[in-house]
Every structure is written in C-alpha cells, then in structure tokens.
Amino acid sequence: GRARVSTTTKAAKQLYFNAEDGTALKKMQKGVDKLAHVVGVTLGPKGRNVVLESKYGSPKIVNDGVTVAKEVDLEDPVENVGARLVRQAAQKTNDLAGDGTTTATVLSAAMITEGMKIVMAGPNPV
C-alpha cells in the first residue's frame, strides 16, 4: 500500500530581534504596561468596573482582573507577547489561589519593568 501524506499549512512565525536601541523589548514592555493599566483599575475594595465588548450579545461589566486580562488582545504582535506574559501570571494565580489576580498582574508588570531597566542598562540577563 501507499503511505498517505497530508500537508498542512502553518502560518509563519515572525521573529523579532532586539536591535541596539531595544525596540523589541520596548514594544513588549508597552504591552505589559497596557494590560497592567487596564487590569489595575479593578484593584482593591474600591476597584472600578470595566466594560468588555462582546462579539455576540450585550457587553459585560466586570471587576475581576483575570476576566479583564483574558479579554485584552493587542493589535501589535510584540506588544501582545508582553500582555500574554502578564496574563499567564494572572491565570496561574487564579488557578492556584482563586483570588489575587489583579495584584499578581500589577506586581508582575512592576517586576518586568524593573527587570527591563536592568537589561537595557547592559548587563548580561542570564
């Protein structure tokens, strides 16, 4: 018999290299900051509500950090990588503790910001 060969088409991944000016890192940091800002407004007992657009049906009003983080999808792919990094921290916190997702988002964004400052200053990040 003949072996069946199926071909699938995969979308090519774009690779971004960090130029001397730190363009890729800066864009990733921008995505981290955008997500942290949107989720950060829900922090604390007086946290504000966020209105989420729904593709189907009426908009949702939530004040849960992980729900807001899941809905954020940035247009720039590099910024979106930064947002996904912080979103993952919120999701893990939700899975393990069930609460504190907004705090985890804000803290991880702050740690990434401080880490980026050190990396941009020049020392080896490893």
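The values are calculated or read from the model by the stated rules, or taken from the named source; none is laboratory data. No experiment lies behind these values; they were computed from the predicted model shown. Backbone-built Cβ (ideal geometry, glycine too); neighbour counts: all protein chains shown.
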Original post:
Which number in (1) exposed (fewer than 13 other Cβ atoms within 10 Å of the Cβ); (2) more than 16 Å from MET28 (Cβ to Cβ); (3) out of contact with any Pro (no Cβ under 7 Å at 6 or more places or on another chain); (4) among the charged types (D, E, K, R) marks the one condition that GLU53 misses?
Top reply: (3)
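So is ASN63 of a type in the set (S, T, N, Q), under 30 Å from LEU15 (Cβ atoms) and modelled with pLDDT under 90 or not? Give the steps one after another, and end with the answer.
Details: of a type in the set (S, T, N, Q): yes; under 30 Å from LEU15 (Cβ atoms): no; modelled with pLDDT under 90: yes.
The answer is no for ASN63.
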**OP:** List every residue pair whose Cβ atoms lie under 7 Å apart, where the two residues are 6 or more positions apart in sequence or sit on different chains, the first residue falls within segment 89-114 and is farther than 11 Å from LEU43 by Cβ, and the second residue, located anywhere, is in a helix (DSSP H, G or I) and among the hydroxyl-bearing types (Ser, Thr, Tyr).
**Re:** ALA89/THR105; ALA89/SER108; ALA90/THR101; ALA90/THR105; THR93/THR101; ASN94/THR101
Subject >> Filter result (within 14 Å of the chain's Cα centre (by Cα) and surrounded by 18 or more Cβ atoms within 10 Å (Cβ to Cβ)) within segment 34-50 >> reply: LYS34, LEU35, ALA36, VAL39, GLY40
Original post:
THR102 passes all but one of (1) out of contact with any helix residue (DSSP H, G or I) (no Cβ under 6 Å at 6 or more places or on another chain); (2) at pLDDT 90 or above; (3) of a type in the set (S, T, N, Q); which number fails?
Top reply: (1)
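What helices (runs of 4 or more DSSP H), lying completely within segment 10-118, carry at least 1 residues that are in contact with a strand residue (DSSP E or B) (Cβ under 9 Å, 6 or more places away or on another chain)? Give the steps one after another, and end with the answer.
On the way: elements: 23-40, 65-71, 77-96.
Passing ranges, in order: 23-40, 65-71.
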